[in-house]
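What follows is a set of notes on a single structure, which appears directly below.
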Amino acid sequence: MNSIQEAEVRLFVSARGWIVPEAVRQLYAASELEGVRLTVGFPDLHPGSTTPVGAAFVTDDVIYPHLIGNDIGCGLALFQTDLLRREAKVERWSELRFNLEHPWEEFVSRFLEEQELESTRFDSELGTLGGGNHFAELLTIEFVEDSIGLKQFGLGKQQLVLLIHSGSRELGESILDRYTKEQFSQGADSFAAREYLREHDFALRWAKANRELIARRFADAIGAESQCLWDGCHNSITRQEHQGESLWIHRRAALTTNDEFVVIPGSRGSLSYLVKVLSDSESHAWSLAHGAGRKWSRSESRLRMRERFGARQLVQTGMGNHVICEDRDLLYEEAPAAYKDIETVIEDLVESDLIAVVATFRPLLTYKTRKLQR
């Protein structure tokens, strides 16, 4: 416990990385919580409301729901489609409604049964993206660094893929609201902690199913079939057995290293990366960076982007990616320039011997939201 041993703080960031001092302050503040053994910041580290984003926290026997926030189970999933690059009709597809901000109009009860999930008052949110940095994106392979690794992952060089970023929506928010946002006084074995973890685990399964349904809806809209190749949660609390001890890993926008391959996305104006995990150890809290990470806050991004760009300039990026986002504030908040350089994030992880690059993806079509009116 901290009363006996001070927690360790580690940053996997090079001198060329962009880290706001407030994010580092929040990382150190988290290390002072009772029972925290290790806090780790990755190259995508940036400030949150109270807890840094792009970090992992290892505790001995205390559960801290506030460290992972309200979007429990938020994560990324990559789906291969049965479409090839030459079959892409991006201009035509960019005119489709998709309706991923509206409830799915088919049989939710049947889908819940398929996913072995019980019905909740949030059933209508299944298959919807949510706001913020969530997205559904169609990509093509740009460059292959490791053809054997790509084959092991199960992906062909010419296949179009879908990358989905979403979470548990208001279900996760309701769970956090029902529990204290500070530590449980009786630790991980308390009744409150056990109840929280039970609901937390349900939210993880719900969020994964949500990404599955979003991909199905997107693929249906463009006349494709989809199959999940990888799903990675980056907001969670999991138990880790280590040298005869039970530790608790809290991840706030940090991927687990349980999988052999993971996807680390850039902004909608940069490449995304399929990488092979090289290290799975306590040194980095069994975790990895989850993406590029924000460079500026949302309010600062709106101010900066309005001075530099008109809305029309942001709906097609320099890479030729089509962006569907009819919420102007969100369009500015999520502009590529508001995010860190994904190449630097990847280089920092490679130089730390945490990953090896397998392939890169180029975005073709990014869906954020249409106007709420149908």
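Assorted remarks:
- Residues Gln240 and Arg16, FRET efficiency given R0 of 30 Å [Cβ-Cβ distance, rounded to 0.05]: 0.45
- Stokes-Einstein D in µm²/s, Kirkwood radius over Cα pairs - segment 153-212 at 4 °C with 1.567 mPa s viscosity: 94
- Comparing Glu87, Glu173, Glu326 in a Gaussian network model of the chain, where Cα atoms under 10 Å apart are tied by springs, the biggest mean-square fluctuation is seen for Glu87.
- With one equal scatterer per alpha carbon and no solvent term, the Debye-computed log10 I(q)/I(0) for segment 107-212 at 0.16, 0.19, 0.24 1/Å reads -0.86, -0.99, -1.23.
- Longest to shortest principal axis, alpha-carbon extents of segment 146-290, angstrom: 54, 36, 25
- Reduced Cα scattering model of the chain, Debye log10 I(q)/I(0), q = 0.08, 0.10 Å⁻¹: -0.38, -0.61
- Net charge of Cβ neighbours under 13 Å - reference Arg239; Lys, Arg +1; Asp, Glu -1: -4
- Centre separation in Å (Cα based) which lies between segment 68-113 and segment 315-374: 17
- Rh (Kirkwood; distinct C-alpha pairs) - segment 1-120, Å: 18.6
- Local electrostatic count, Leu171, Cβ distance below 14 Å [Lys/Arg +1, Asp/Glu -1]: -2
- Order of Phe202, Phe184, Phe42 under a 10 Å beta carbon neighbour criterion, fewest first: Phe202, Phe184, Phe42
- Among residues other than Glu95 with Cβ under 12 Å from its Cβ, the summed charge is +3 (Lys and Arg +1, Asp and Glu -1).
- Cut-off under 5 Å, modelled amide H: who pairs with Trp286 long-range: Ser281
- Shape category assigned to segment 63-109 from the gyration tensor of Cα positions, a/c cut at 1.5: prolate
- Taking amide H as placed 1.01 Å from N in the peptide plane, Val358 has its amide H under 5 Å from the amide H of Leu274, Val275, Lys276, each at least 5 places away in sequence or on another chain.
- Distance in nm between pseudo-label sites at Glu87 and Glu113 (7 Å out along the Cβ direction from Cα): 3.1
- Among Pro103, Pro363, Pro336: highest mean-square fluctuation, GNM of the chain, C-alpha pairs under 10 Å: Pro103
- Cα long-axis angle, helix 191-221 against the chain (0 to 90 degrees, to the nearest 10): 10
- Between helix 21-31 and the chain there is an angle of about 50 degrees, using the helix long axis and the longest principal axis of the Cα atoms.
- Nearest-ten-degree value, helix 342-351 long axis tilted from longest Cα axis of the chain: 50
- As a rough footprinting exposure proxy, the listed residues Lys208, Lys181 were ranked by other beta carbons within 10 Å of their own, and the order from fewest upward is Lys181, Lys208.
- Reachable lysines, given that their alpha-carbon falls under 24 Å from the alpha-carbon of Lys371 and they are not under 8 places away in the same chain: Lys89
Values in this text are rule-based calculations from the coordinates and carry no lab data. Since the model is a prediction, treat every value here as computed from it, not as a measurement. Note: ideal-geometry Cβ built from the backbone for every residue, glycine included; neighbour counts use all protein chains shown.
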